[in-house]
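Could you have a look at this structure, given as structure tokens, before my questions?
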Amino acid sequence: MQSLGIDVLFKGTNFLRLLEGLWVAVRISLISVAISIVLGILVGILMTSRNMAVKAIFRVYLEIVRIMPQMVLLFIVYFGTTRVFGWDLEAETAAIIVFVFWGTAEMGDLVRGALISIPKIQYESAAALGMSRGMAFRYVILPQTIRRLIPLSINLITRMIKTTSLVMMIGIVEVLKVGQQIIEANRKVSPNAAFGVFAVIFLMYFLICWPVSRLAVWLEKKWA
Amino acid sequence: MDIEVIRSYIPLYRDALLLTLRIGWQGVLWAFVIGLVCTLIRQLRIPVLRQLVTVYVELFRNTPLLVQLFFMYFALPKIGIRISAEVCGSLGLGLLGGAYMAETFRSGLDNIAPIQEESALSLGMSYLQAFRYVILPQAVTASMPGIVANVIFLLKETSVFSVISLMDLMFTAKDLIGMYAKTIECLTLLVVFYLIMLLPVSLLGSLLERRMRRAEFGN
């Protein structure tokens, strides 16, 4: 049997290039997650508001994010804005805009869920102990909310990393694209390189996402 | 926005939608089947198979569908496994979904306190009756929100099918934009057709969740 392309990976700087490609995707997700968490906390608090208009706006926002594939949003922001507003967005900027739009909705929903999951009796007990509203929030509600939120936000990171693989569709050179380039360049000498290269990319994603999602599960159990 | 252009594009988008729907629902069906088989293996604690299920679930939950499809469609033929693009799409979606469904079903079953089964048995029910009348209804109710979320997630994920050269909605939109540069019309149709595909599922899902909640007891 011919070689399955493992040799190609160790030729020259190929492996390094793959890692760089992976970093492009991971960097986009980390930036997006960081912004999403901050905005998501604000959105989540706003979503618990009793104001009907505010509620309605965020419902529509959430529903859009729930239904529209991120791919479609990427296309709209990347191709649409050039047409309509004449903006010449960098592909990476477009990607970050879309993933923040998506991540903020997800995070907002998590924050809202965590806030309303705290039983009312917690507020009442704090008040009965003579705490002010601020104190109750600071010492009773917030610690519980954060404990519920941290595992869920860690999960959001892995989902974000998995989703950013889509950026290759708007022309960003990330790990899959680098993989294709390597396969293409070695077509003659190693026609089966696709196997080795894509198997390694598969494993790379797993090795990044798996420990992170295990951490989330562990924290969830620990703080349950 | 040019109405004529839109009118002339609609048949192309309709075909793409039908293809996406066909492969999407096949994938969802696969996901249910694979998820159920995995749950069965886990519940019956079959050795070896149980460990394999865990490996499979972790592997597919922690990698993007895009990478899975690349592997199935471009890498597997190099070791002699050739799958057509359509089968690759539905099976790939099914493998991804199966891993998610297995987790959802498990958390649904885990949610049921052991006392439920014990009480059923002490009332003289057989194991099968206890499962059918006591465990299953509660488990289905508990996993319903997760199941609905999974189905919507899977149907959304169909948007990456164009990488294995399936002529789905994304493929059609990208192709048309590339050829005629009617970007706004193409993107509008794209959004409209995804709404046609997903809005009914989303609404039906919410309805189902609400109805199921009536079966809940005590809370």
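Any read-out appearing in this document is the output of simple, stated calculations on the displayed coordinates, not a laboratory observation. Worth saying up front: this structure is predicted, and the values here are computed from it rather than measured. Positions of Cβ are backbone-derived with ideal geometry, glycine not excepted, and every protein chain shown enters the neighbour counts.
I'd like the trypsin sites (Lys or Arg not before Pro) in region B:113-219 restricted to DSSP loop residues with at most 12 other Cβ atoms within 10 Å, sorted by number. Let's see the in-between values first.
Working: sites: B:ARG132, B:LYS156, B:LYS174, B:LYS182, B:ARG210, B:ARG211, B:ARG213, B:ARG214; in loops: B:LYS182, B:ARG214.
Passing sites in region B:113-219 are B:ARG214.
Follow-up question, since we're still on this one. For a test of the definition: using alpha carbon positions, the gyration tensor, and the 1.5 limit on a/c, classify region B:55-166 as rounded, prolate or oblate. List each step's numbers first, then the result.
Working: a/c = 3.50, a/b = 2.75, b/c = 1.27.
Prolate shape, in that a/c is at least 1.5 and a/b is the bigger ratio.
Next up: What is the ratio of the Cα radius of gyration of region A:38-107 to 2.2 N^0.38 Å, with N the residue count, to two decimals?
Scaled against compact globular proteins, the figure is 1.24.
Ok, one more. Sort A:ILE67, A:ILE45 so the one with the fewest other Cβ atoms within 10 Å of its own Cβ comes first.
The fewest-first ordering by Cβ neighbours comes to A:ILE45, A:ILE67.
With the cut-off at 1.5 for a/c, could you classify region A:6-223 from its C-alpha gyration tensor as rounded, prolate or oblate?
oblate
Under the definition of partner shielding as Cβ atoms of other protein chains within 10 Å of a residue Cβ, what is the mean value for peptide B:150-160?
Whole-number average of other-chain Cβ neighbours for B:150-160 is 3.
If you don't mind, another one. In cubic angstrom, how much convex hull volume per residue do the alpha carbon atoms of region B:103-219 span?
120 Å³
Can you pull out the GluC sites (Glu not before Pro) in region B:159-219 that DSSP calls coil and that have at most 13 other Cβ atoms within 10 Å?
When the GluC sites (Glu not before Pro) of region B:159-219 are filtered for loop state and at most 13 Cβ neighbours within 10 Å, B:GLU216 remain.
Give me the dipole magnitude in Debye, nearest 20, for the protein assembly as shown about the Cα centre, with unit charges on the beta carbon: positive for Lys and Arg, negative for Asp and Glu.
Charge dipole, the protein assembly as shown, about its Cα centre: 820 debye, nearest 20.
Among rounded, prolate and oblate, which fits chain B when a ≥ b ≥ c are the square roots of the eigenvalues of its C-alpha gyration tensor, a/c under 1.5 means rounded, and a/b larger than b/c means prolate?
oblate
Further question: Taking a threshold of 20 Å on the Cα-Cα distance, which of the pairs A:LYS162/B:LYS78; A:LYS188/B:LYS78; A:LYS120/A:LYS222; A:LYS11/A:LYS162; A:LYS162/B:LYS156 fall above it? Walk me through the numbers on the way to the answer.
Values: A:LYS162/B:LYS78 25 Å; A:LYS188/B:LYS78 14 Å; A:LYS120/A:LYS222 24 Å; A:LYS11/A:LYS162 27 Å; A:LYS162/B:LYS156 14 Å.
The pairs that break the limit, which is 20 Å between Cα atoms, are A:LYS162/B:LYS78; A:LYS120/A:LYS222; A:LYS11/A:LYS162.
Taking N as the number of residues in the protein assembly as shown, what value does Rg over Cα atoms divided by 2.2 N^0.38 Å take?
Scaled against compact globular proteins, the figure is 1.07.
Kindly put A:PHE10, A:PHE79, A:PHE198 in sequence by how many other C-beta atoms sit within 10 Å of each C-beta, fewest to most.
Listed from fewest to most nearby Cβ atoms, that is A:PHE10, A:PHE79, A:PHE198.
Along the positive direction of the dipole of region A:6-223 (beta-carbon charges: Lys, Arg +1; Asp, Glu -1; about the Cα centre), which of A:ILE41, A:PHE137, A:VAL197 reaches farthest?
Farthest towards the positive pole: A:PHE137.
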